[in-house]
Amino acid sequence: SLKFAPGLLGGPKSSPPTTHLPPGTTIDLTMETGPETHLSISGTMMTFSGGDQGIRTYQVDIVQGQGQDKKRQTLFSIDKPSDGDPRLLWAGDLDRDGKVDLLYDVTDHYIKTELALYLSSAAKDGELLGLVASWLTVGC
């Protein structure tokens, strides 16, 4: 098991590169033995006075299944102008239940890092993933 998390055994995993997913992106996160699963990123971008791009709005939804059986959950959203750079850091099956788990940097400002760990085994009724841990650091 993993230190400080006795129920987690470090199951099969598949990790994409650390990447910012701009609004309009859909990424397939279907596990080998799990249901069809996608991340859907929506929102709008803006240009700051110096010409740099930033987020105006940003939302990350996880979508599982198809047709009538489709389920959707918003994991997080940023609803203000931001120079943050949210990133998918890792996707895989940490809790060994055959469904995707995520580690996401949900930051909304360039000077901080805010990590969020979502596990499928921690999902409440009506959810696909449950937030089990978060970590915030600020620096300059």
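The values are calculated or read from the model by the stated rules, or taken from the named source; none is laboratory data. The structure presented is a predicted model; accordingly, all values stated were derived computationally and were not measured. Cβ coordinates were reconstructed from backbone atoms using ideal geometry, including for glycine residues, and neighbour counts include every protein chain displayed. Protein only, heavy atoms only, side chains kept; ligands, DNA and RNA dropped before computing areas. Shrake-Rupley method; radii C 1.70, N 1.55, O 1.52, S 1.80 Å.
Listed values, structure above:
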{"quantity": "Cβ pairs under 8 Å, 6+ apart, first in the range 28-42 and without any contact (Cβ under 8 Å) to a residue 40 or more places away in the chain and charged (D, E, K, R), second open to solvent by less than 60 Å² (accessible area, probe 1.4 Å) and not in a loop (DSSP other than H, G, I, E, B)", "calculated": "D28/T37; D28/H38; E36/Q64"}
{"quantity": "Qualifying positions in the range 34-71 - under 16 Å from the mean Cα position of the chain (by Cα) and among the small types (G, A, S)", "calculated": "S40, S42, G43"}
{"quantity": "Subset of the range 77-88 [outside any strand (DSSP E or B), within 16 Å of T25 (Cα to Cα) and in contact with a strand residue (DSSP E or B) (Cβ under 7 Å, 6 or more places away or on another chain)]", "calculated": "P86"}
{"quantity": "Top-ranked residue of the range 19-68 - restricted to ones that are under 16 Å from T107 (Cβ atoms), touching an Asp or Glu at 6+ places or on another chain (Cβ under 7 Å) and assigned to a strand (DSSP E or B), ranked as most open to solvent (accessible area, probe 1.4 Å)", "calculated": "T57"}
{"quantity": "Count of the range 77-105 residues which are of a type in the set (A, V, I, L, M, F, W, C), under 10 Å from the mean Cα position of the chain (by Cα) and closer than 14 Å to V132 by Cα", "calculated": "2"}
{"quantity": "Which numbered condition T74 misses (of (1) closer than 19 Å to T19 by Cβ; (2) assigned to a strand (DSSP E or B))", "calculated": "(1)"}
